[in-house]
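Reading through the structure tokens given below for one structure.
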Amino acid sequence: MTDLSAVLASVRRLLDEGAYEQASVLVADHAAVLLDHGDGQTLAALMGAFPPQMRNERADLLYVAGLQCQGAGQLEEALNLLERAYYSFLVAHGEVDRAVRVGLAIVHLHFRSDNIRIALHYLQHVIQPLIDDGAVDDLRLHGQFYQFLSEISPDRGMLAESIGYAQQAYNAFRTVKDLHGQFRALTRLASALTQLGDFTEAEAKLSAARAVWNVGNLGEAAQLRLLNALIYFYWYQGKLAEAIAVADEYQTLADQNAQSNFRVYARLLLGNFYRAGGDYAAAARCYDAARVVANEVNFQRYTDWIDVQTAWLRILTGHLDEARLFLYAALHNADLGKAMSFQVGLGVVNLLENHLEVADRLLRESLNFYLNSGDVISVCAIRFFLTLTALQANRGDMALAELSQALATMAEHRISYLPNWWHPQLVTSVCVYALQADLYVDVVERLFLLHLGESGAEALRRQQQADNQ
């Protein structure tokens, strides 16, 4: 575990002695950790002590300056500085490990900007050949490479595969005793397992991540990652009160850094939870606030997600024309992963407008994507909508087939909540149909009693009365 105070003391001593080259190497080696600890002011003070010409020419310092610009939301300048540093390390000096470290920072920059295709291209065609050739000695860089593959995999429809990549990242970080890396891999594992509905294993990874965070003094950014994973863990089980409580803590911490992109995400998540709980006015305020903050911090990655969540709010409140416009805006520049998620909303709009062929086509495209991805919770949610599409088209056989598969999966994985695209009225209609068909009554009753509220309970009572007549 790195003693940052000792590192800072060494850097200051080297600067006092005029040993700028040695100091620049040491600063570059620890800049990312300093920024993770929210210690940007200290890093800025150190950078200011170097001669201006060296700051403009030396690859180590170009790299650090790129990280600083990225943290400040100056993404174009950050990319320019990082690319200069990369080519300087690789071409001018032949320092492969340092070049790869900068290359991974470039991947992170593209990932943050939601340029998933470019980030993946950079990983596979720039970084991976150097790793596969054995040219990269630092196992931390191997860990970071697999970590990014894990984080990008869900956008490519490879949610299940992301667990293998995260495990490879964890193994590399553990070998070199990199606590920051171990922590990130563990939180990634927890998030992926949560999305797959494996809550027992997800909880175990969360506990391990919390233990690493406690002993490692890993800083503010790590705490935010831990809270984020915990939020999803509660949300995907339908524990909205717990999710909101942690999300409030998450937002308070994120707001301590005015340029933090986590500020956007915190408001977006809170909006989703309020919406799921039926407080639509609070949800709308959160989405509006998320949009304002996204513009403030120049973090456009979630603008389309804000559009999509706003669209879903419009669907729930019956404003389908407005919902369609928000969905069109979000889909305009969406990559494959986003498009498959976003068009579920468009499929539901068409379902509600009785455009059944269009609804079926859109929903089946997304279903196939999530089937290949291994995202069983999303698959179940989409099958619920396909059940209703089939019923409205008088295809009872198809409705039974879709619903049977959905409920069988939910029973197998002990899933009792569908966090994505939650629509209580439509879920209630599907559940009533399931009871009429005597399908997985235990699963259906859990949905009614735990997550559908008083309106769901009333629908259940009406169904029971009808059965007794």
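The values are calculated or read from the model by the stated rules, or taken from the named source; none is laboratory data. This one's a predicted model, so the numbers in the text were calculated from it and none came from an experiment. Positions of Cβ are generated from backbone atoms using ideal geometry, with glycine treated the same way; all protein chains shown enter the neighbour counts. Calculation scope for accessible area: heavy atoms of the full protein, side chains included, ligands and nucleic acids excluded. Shrake-Rupley method; radii C 1.70, N 1.55, O 1.52, S 1.80 Å.
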Cβ contacts < 7 Å: first residue of a type in the set (Gly, Ala, Ser), restricted to segment 348-365; second residue buried (at least 18 other Cβ atoms within 10 Å of the Cβ), any location; separation 6+ or different chain. Result?
Ala359/Gly347; Ala359/Asn350; Ala359/Leu351; Ala359/Thr389
What pairs come out if I take residues in segment 239-263 that are under 19 Å from Gly219 (Cβ atoms) and pair them with residues that are among the hydroxyl-bearing types (Ser, Thr, Tyr) and modelled with pLDDT under 95 whose C-beta lies under 6 Å away, six or more apart or interchain?
Ala254/Ser260
Are any residues in segment 298-330 open to solvent by less than 40 Å² (accessible area, probe 1.4 Å) and either over 21 Å from Ala283 (Cα atoms) or acidic (Asp, Glu) (or both), and if so, which ones?
Asp304, Asp307
Do we have Arg117 as free of Cβ contacts under 8 Å to residues at least 60 places away in the same chain, open to solvent by 40 Å² or more (accessible area, probe 1.4 Å) and assigned to a helix (DSSP H, G or I) here?
no
Of the residues in segment 197-251, how many are under 19 Å from Arg275 (Cα atoms) and either open to solvent by 50 Å² or more (accessible area, probe 1.4 Å) or not in a helix (DSSP H, G or I) (or both)?
10
If a residue has to be open to solvent by 40 Å² or more (accessible area, probe 1.4 Å) and under 16 Å from the mean Cα position of the chain (by Cα) to count, how many in segment 252-297 make the cut?
1
Could you pull out the residue among Ala49, Ala32 that is touching a helix residue (DSSP H, G or I) at 6+ places or on another chain (Cβ under 7 Å) and buried (at least 19 other Cβ atoms within 10 Å of the Cβ)?
Ala32
Leu426 - would you say it is buried (at least 16 other Cβ atoms within 10 Å of the Cβ), over 32 Å from the mean Cα position of the chain (by Cα) and at pLDDT 90 or above?
no
Filtering segment 120-159 down to residues that are closer than 20 Å to Tyr370 by Cα and in a helix (DSSP H, G or I) yields Leu120, Leu149, Ser150, Glu151, Ile152, Ser153, Pro154, Asp155, Arg156, Leu159
